[in-house]
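Worksheet for the structure shown next.
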């Protein structure tokens with residue numbers, strides 16, 4: 001199986017943005033029973049400082065997963081601001097120009113077993129943020145993705161909420177606020193992940209064979 005991962009400015013490809021939105025919505029509703037989250041708001045499609053990452057088929061007909069990198073610019077609130085400000089307004093003071101958020105991260109269940117997981121999108125997200133010259137990257141993690149956040153250099157932002165924890169988007173669902181405080185050097189990332197991220201930053205066009213639970217996957 002061949003997968004292409006690409007990044008683009010949201011305003012440049014509205015058709016793919018709509019596919020991204022539909023795929024993310026379907027995953028949240030069918031598998032997690034979540035009908036609405038802040039990162040699923042469509043205003044980002046028209047935001048000049050939002051960049052989209054998608055994993056898709058070579059013919060671009062099917063999207064298997066994705067994420068977004070949104071720069072803080074005080075024109076469009078970061079999704080983490082909209083999500084948790086009512087619980088802790090300090091997030092507004094933290095989300096200043098020079099910071100960003102990796103948000104809307106998802107991958108379809110049908111390809112999860114092939115190894116097309118959240119770590120692919122997270123890696124690319126940090127690399128893209130570095131190309132956009134930001135210092136900090138925020139992200140709001142579900143319990144199952146906190147470990148991925150730590151692998152790419154995230155630490156729990158204990159200055160927000162209950163030591164970084166919030167009940168979001170439902171009362172029985174715990175979300176954790178995390179931040180990469182220095183995305184230029186990634187001092188807290190796993191060494192292997194740091195190498196992969198910087199390799200992507202230095203050589204953004206490449207083709208790799210990734211080994212997943214169900215065999216090899218060619219990723220461009």
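Every number in this text was worked out from the coordinates using simple rules, so none of it is lab data. Fair warning: this is a prediction, and the values are worked out from it, not measured in the lab. Every residue, glycine as well, gets a Cβ built from its backbone with ideal geometry; the counts of neighbours run over all protein chains shown.
Once you have the Cα-Cα distance between residue 209 and residue 190, take 0.36 nm times their residue separation minus that, and quote the gain in nm to one decimal.
Additional length available on full extension: 4.8 nm.
Just want the ordering: 47, 24, from fewest to most Cβ atoms lying within 10 Å of their own Cβ.
Numbers: 47 17, 24 23.
Placing the least packed residue first, the sequence is 47, 24.
Just the Kirkwood number for the stretch 2-219, please: inverse of mean 1/r across all distinct Cα pairs, in Å, one decimal. Please report the intermediate quantities before stating the final value.
Values: mean 1/r = 0.0577 Å⁻¹.
This gives a value of 17.3 Å.
Among 109, 94, 121, 45, what is the fewest-to-most ranking by other Cβ atoms within 10 Å? Don't jump to the answer; show the numbers that get you there.
Values: 109 10, 94 19, 121 23, 45 16.
Least crowded to most crowded, the residues run 109, 45, 94, 121.
Taking the alpha-carbon centroid of each part, what is the distance from the stretch 2-20 to the stretch 49-109 in angstrom?
Each part reduced to its Cα centre gives a spacing of 14 Å.
When 51, 168 are ordered from fewest to most other Cβ atoms inside 10 Å of their Cβ, what list results? Could you put the intermediate results ahead of the total?
Numbers: 51 24, 168 21.
Least crowded to most crowded, the residues run 168, 51.
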